[in-house]
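Enquirer: Mind having a look at this structure? Questions to follow.
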Amino acid sequence: MTKPTISCAKNGPMIVKGLENFIDSDGQRLETRPAMGLCRCGASLNKPYCDGNHKYAGFTDEASPERTPDELRAYAGQAITILNNPLLCSVAEYCHRELETVFDTRKDPWIDPDGDALEHIKGLIEKCPSGALSYAINGEPQPTRNCAATITIEKNGPLRITGSIELKDADWGQGASQEHYTLCRCGASKNKPFCDGSHSAIHFDDSK
Ligand code: SF4
Ligand code: FES
């Protein structure tokens, strides 16, 4: 069985090859083809597939001057060091919605690695869809997941990639898991090809 791959066409769609598991935001399986173009400009009238509208929408994947710096920040506690690279964050907000004793954006620093039990912290980090969060134990970075190769659509949001699908020619952020990551499909991210949460600010509506 060939391993799936993703590449990004210049100013155009994601080209996905060899994918078997393609899941929509309702958990239903979507049609796959041996090679398929997926919209990443937000303008396709046939989402999630590309319909060529990027040409008329003026879509560009040039690096934004507002790109988030690639910086792996470490928050060392007694049992765990939590690592965070904001370049990769899709602002899915599991962290501070579900474990506010550890992830509290009102505080500085906003991450307290001693704020809850080790297993709760590990469980939360495994939920982080973007791979922005990871952790180290005794100074050794730990793998956080090992899922089947799958692309899942987030409603009005990015593509969630799991299962170490190769992203060709990617400029990975430091500490990126590469097992899971989130790719922009609204066209507005400053951190393309990764999602940066801008879909919320532009009210991206994938039904249009
Ligand atoms: S993507 Fe990860 S780091 Fe970013 S808000 Fe969500 S859980 Fe937190
Ligand atoms: S899908 Fe474009 S920024 Fe999240």
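Computed from the coordinates by the stated procedures, all read-outs in this text should not be read as laboratory data. Please read all numbers here as calculations on a predicted model, not as lab measurements. Cβ placement follows ideal geometry from the backbone for every residue including glycine, while neighbour counts extend to all protein chains displayed.
Enquirer: Which residue is surrounded by the most Cβ atoms within 10 Å (Cβ to Cβ), if the candidates are limited to the stretch 51-109 and must be of a type in the set (A, V, I, L, M) and assigned to a strand (DSSP E or B)?
Expert: Ile82
Enquirer: Which residues, counting only those in the stretch 148-166, are away from ligand 2 (no atom under 15 Å from the Cβ) and surrounded by 14 or more Cβ atoms within 10 Å (Cβ to Cβ)?
Expert: Residues satisfying the conditions are Ala149, Thr150, Thr162, Gly163, Ser164, Ile165, Glu166.
Enquirer: Would you confirm whether any residue within the stretch 134-142 is under 28 Å from Leu30 (Cβ atoms), surrounded by fewer than 20 Cβ atoms within 10 Å (Cβ to Cβ) and out of contact with any Pro (no Cβ under 8 Å at 6 or more places or on another chain)?
Expert: no
Enquirer: How many of the residues making up the stretch 6-23 are within 11 Å of Ile151 (Cα to Cα) and either surrounded by 14 or more Cβ atoms within 10 Å (Cβ to Cβ) or free of Cβ contacts under 8 Å to residues at least 12 places away in the same chain (or both)?
Expert: Residues meeting the conditions: 6.
Enquirer: Next question. Starting from the stretch 162-175, take each residue that is within 20 Å of Asp70 (Cβ to Cβ) and list its partners that are acidic (Asp, Glu) and assigned to a loop (DSSP other than H, G, I, E, B), counting only C-beta distances under 8 angstrom and pairs at least six apart or across chains.
Expert: As it stands, the answer is Gly173/Asp70; Gln174/Asp70; Gln174/Glu71, since those pairs meet every condition given.
Enquirer: Could you tell me whether Cys184 is within 22 Å of Arg29 (Cα to Cα), of a type in the set (A, V, I, L, M, F, W, C) and free of Cβ contacts under 8 Å to residues at least 60 places away in the same chain?
Expert: The answer is no for Cys184.
Enquirer: Filter the strands (runs of 3 or more DSSP E) completely within the stretch 110-208 down to those with at least 2 residues that are polar (S, T, N, Q) and closer than 22 Å to Ala9 by Cα.
Expert: Fully inside the stretch 110-208 and qualifying: 150-153.
Enquirer: Filter the stretch 99-109 down to residues that are free of Cβ contacts under 8 Å to residues at least 24 places away in the same chain and within 16 Å of Ile80 (Cβ to Cβ) and give me whichever is farthest from ligand 2 (Cβ to nearest atom).
Expert: It comes out as Thr101.
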